[in-house]
Amino acid sequence: MYPEWFVYPGKYPEVITGFARQGSSTLADAETTLCAYQTCIAFGTLYRYQDLDQVDSDYYYNFSPDALKKIKGRLNPVKGTLTAINLITKDYIEAFSLKENVKISSEYIDYKRLPRPSWVDKYPMYSDSRHYYGIGEYTCRYNKIDAWKKSEENAIFNIMTTLAVDFHTVMIEAKSESYDTMEKVQAMKVKYLLRNIQVMERWMDTEKNLVYVLVRIPRQDVISPMLNK
């Protein structure tokens, strides 16, 4: 069971979700996420192995330290939204807002009863005249906080990699005790200025133990010389 505001965050654009794992701070996570989603430089590399069914990625989101200083002390916890995801590991989610006394639904939703959203089948991304939409996916067999966070990041990265055109091929050496081999790898580098990132919806496939996150970014706020226009 998850709060309605967490499942459908697009209904509450003034709210930002804070995640806490092993007793960390939901507020600190919400502050850094808000700063990154307002304006950030996102960059990284996606490696696709041609002879192996494997994809690796290495990417980062950088934002101004001054932006974080301006946010400190301004976020307000939304009353009654602190929710335990796992009491044993002290994992929590909580809603925050720059506005005071924000009212949101107290309803809880059972993912087992929710139908599969149509946007999941549009993986990894789609677009309309005003926005790009990224879909992230990650296993939730282990820690669910990590799963939701990773899926959210993947949704953003899927927008960048789908739009980018900067491919190059490299050769890497793979060694083992019995043999050495060279593997051809296709690498894609991305670097973007992103603004006004918004999480729209979250869904869990309880049968396959996968979580999905839908992220939206205005077209004019996805800026890069690498765009496939």
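The values are calculated or read from the model by the stated rules, or taken from the named source; none is laboratory data. Please read all numbers here as calculations on a predicted model, not as lab measurements. Ideal geometry is used to build each Cβ from the backbone, glycine not excepted, and the neighbour counts take in all protein chains shown. The protein model used for the area step is the full one, side chains on, heavy atoms only, and it has no ligands, DNA or RNA in it. Shrake-Rupley method; radii C 1.70, N 1.55, O 1.52, S 1.80 Å.
Miscellaneous remarks
- If you go through the range 184-213 and keep only what is aliphatic (A, V, I, L, M) and touching a helix residue (DSSP H, G or I) at 6+ places or on another chain (Cβ under 7 Å), you end up with M188, V190, L194, I197, V199, M200, M204, V211, V213.
- The range 13-36, subset open to solvent by 30 Å² or more (accessible area, probe 1.4 Å) and either on the phi < 0 side of the Ramachandran plot or among the charged types (D, E, K, R) (or both), residue nearest to the chain's Cα centre (by Cα): T32
- Flag for D58 being assigned to a strand (DSSP E or B), open to solvent by 20 Å² or more (accessible area, probe 1.4 Å), within 30 Å of A164 (Cα to Cα) and modelled with pLDDT under 85: yes
- Yes/no for N101 being of a type outside the set (V, I, T), on the phi > 0 side of the Ramachandran plot and modelled with pLDDT under 95: yes
- Condition met for I217 (in contact with a helix residue (DSSP H, G or I) (Cβ under 8 Å, 6 or more places away or on another chain), under 26 Å from A30 (Cα atoms) and either in a strand (DSSP E or B) or at pLDDT below 95 (or both)): yes
- Matching residues, the range 90-110, being more than 18 Å from E4 (Cβ to Cβ) and out of contact with any Phe, Trp or Tyr (no Cβ under 9 Å at 6 or more places or on another chain): K90, L98, K99, E100, N101
- For M200, the test of being modelled with pLDDT of 95 or more, surrounded by 15 or more Cβ atoms within 10 Å (Cβ to Cβ) and farther than 17 Å from I145 by Cα is passed.
- Search result, residues across the range 108-151 that are open to solvent by 100 Å² or more (accessible area, probe 1.4 Å) and of a type in the set (D, E, K, R): K112, R113, R116, D121, R130, R141
- Pairs with Cβ under 6 Å, 6+ apart, first in the range 13-36 and touching a residue at least 12 places away in the same chain (Cβ under 8 Å) and in a helix (DSSP H, G or I), second among the small types (G, A, S) and surrounded by fewer than 19 Cβ atoms within 10 Å (Cβ to Cβ): C35/A67
- Taken as a whole, the structure leaves A155 outside the set of residues that are in contact with a Gly (Cβ under 9 Å, 6 or more places away or on another chain) and at pLDDT 95 or above.
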